[in-house]
Amino acid sequence: MIVSGPPSLAVRSQAAPGYHATWPVPTAADDPGYSADGTGGRRLMSEVHEQTLIEAPVATVWALVGDPSRYPEWLPRVLEVQGETFEEGLEFMQVSHHPVIGGDEIHFLIDRKDDLREIRMHCLISGMFVHWQLTEARDATFVNAVFGMEPIRPRDRLVDLTVGRRFFRGWLAEAVESLKSSASRVSA
């Protein structure tokens, strides 16, 4: 049976046939932390942002950011990347080293890839995500980067809750500095 709420919201009810109720149903617009995944609880999520200007052309920065096979050259903690092609909708595997947990295989899905502008990917196992956006700024590149996690497994929820924001803040800061340094070397 359908229980009605606002016109765009309908909730299935296990109530007895003929029962009909109306109540406010929380949505993302009402509460950004609300989980629409059916659990009805708040989604735990770390998300850190960093913006910077890199003194290199956008094509130079994109050659590093938009091609995951080049991540071991510059992205801290990345040891190896395995994959044939790196296009939107495709998966690849990244081997990383983390100070606390040691080596880890991360299975990424590329969610969005817009040449010279944006790449967003998330781990199919943990929910960790990386999002790079590039904008041309004269002869330089403005970078907006977001690292974080939308935890999938209970253990990842615990890790995210306890050290997630601190871990992603540190890794993102290292990544941006390393990207600046690598892009400057390449464009020189």
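The values are calculated or read from the model by the stated rules, or taken from the named source; none is laboratory data. Bear in mind the structure is a predicted one, so any value in this text is a computation, not a measurement. Every residue, glycine as well, gets a Cβ built from its backbone with ideal geometry; the counts of neighbours run over all protein chains shown.
General remarks:
- Within the option set SER178, SER184, being more than 20 Å from VAL95 (Cα to Cα) and in a helix (DSSP H, G or I) holds for one residue only, SER184.
- Of the residues in region 131-151, at least one is free of Cβ contacts under 8 Å to residues at least 60 places away in the same chain, within 14 Å of GLU88 (Cα to Cα) and assigned by TED's automatic domain parsing to the domain that holds PRO57.
- Applying the criterion of being among the hydroxyl-bearing types (Ser, Thr, Tyr) and within 19 Å of VAL176 (Cβ to Cβ) to the residues of region 77-135, the residue that is nearest to the chain's Cα centre (by Cα) is SER96.
- 2 or more residues at pLDDT below 95 and touching a Lys or Arg at 6+ places or on another chain (Cβ under 7 Å): qualifying strands (runs of 3 or more DSSP E) within region 10-118: 91-98
- Taking the criterion of being of a type in the set (Ser, Thr, Tyr) and assigned to a strand (DSSP E or B), the only residue of region 119-138 that qualifies is THR135.
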